[in-house]
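What follows is a set of notes on a single structure, which appears directly below.
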Amino acid sequence: MRPWLPRASLGRRGENAAARHLVRKGYRILARNLEQGKYELDIVAQKGDTIAFVEVKTRVTVEEIRPEDSVGRVKRQHIRKAARRYIQQYDDGQTYFRYDIVSVTMPGKRPTAIDHIENAFGADE
């Protein structure tokens, strides 16, 4: 990571880029950085009858590990727990839910690369 770009700033920029990307794809952003108990959902977005719980991973470069590959088993469990709390509050029985990852690579002067992975992992892995 570039020393002049703090991790929090990079993450915030990545989340902003991911949200703009989702909106361009026709999603409506329902929430950002939503705390559900002791866990957080980066973005909750809806398109049609589907709500996506979106984990955003941002990197300056794609090195040995792609950003989306850093969403490990424990992180997925945390996202699922936060999502369950959200679903308990807002499920109308007519909505589908899924877990997505948006991978954002911001390589300095080159264009930002965004990869939206729908159904990146399941509810019961």
Considering only residues that are farther than 16 Å from TYR90 by Cβ, of a type in the set (Gly, Ala, Ser) and more than 14 Å from the chain's Cα centre (by Cα), which ones fall in region 16-51? GLY26
Which pairs have Cβ atoms under 9 Å, sit 6 or more apart or on different chains, and link a residue in region 37-51 that is under 18 Å from LYS25 (Cβ atoms) and of a type in the set (Lys, Arg) to one that is open to solvent by 40 Å² or more (accessible area, probe 1.4 Å) and modelled with pLDDT of 95 or more? LYS47/LYS25; LYS47/GLY26; LYS47/ARG28
Would you be able to say whether some residue in region 60-69 is more than 17 Å from GLN36 (Cα to Cα) and touching a helix residue (DSSP H, G or I) at 6+ places or on another chain (Cβ under 8 Å)? yes
Scan region 85-111 for residues that are more than 18 Å from ASP49 (Cβ to Cβ) and more than 16 Å from the chain's Cα centre (by Cα) and jot them down. ARG85, GLN88, PRO107, GLY108, LYS109, ARG110, PRO111
State which residue pairs qualify: first residue under 20 Å from GLY37 (Cα atoms) and inside region 87-111, second residue open to solvent by less than 100 Å² (accessible area, probe 1.4 Å) and polar (S, T, N, Q) in any location, beta carbons under 7 Å apart, and separation of 6 or more residues or different chains. ARG98/THR50
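Looking only at strands (runs of 3 or more DSSP E) that fall completely inside region 22-125, which ones have 3 or more residues that are out of contact with any Asp or Glu (no Cβ under 8 Å at 6 or more places or on another chain), open to solvent by less than 80 Å² (accessible area, probe 1.4 Å) and among the charged types (D, E, K, R)? Before you say what the answer is, go through the steps one by one.
Working: elements: 28-36, 39-47, 50-59, 96-105, 113-121.
In region 22-125, no matching strands (runs of 3 or more DSSP E) lie anywhere.
The values are calculated or read from the model by the stated rules, or taken from the named source; none is laboratory data. The model shown is predicted, which means the values in this text are computed figures rather than measured ones. FYI the Cβ positions are ideal-geometry reconstructions off the backbone, even for glycines, and counts take in every protein chain you see. Calculation scope for accessible area: heavy atoms of the full protein, side chains included, ligands and nucleic acids excluded. Shrake-Rupley method; radii C 1.70, N 1.55, O 1.52, S 1.80 Å.
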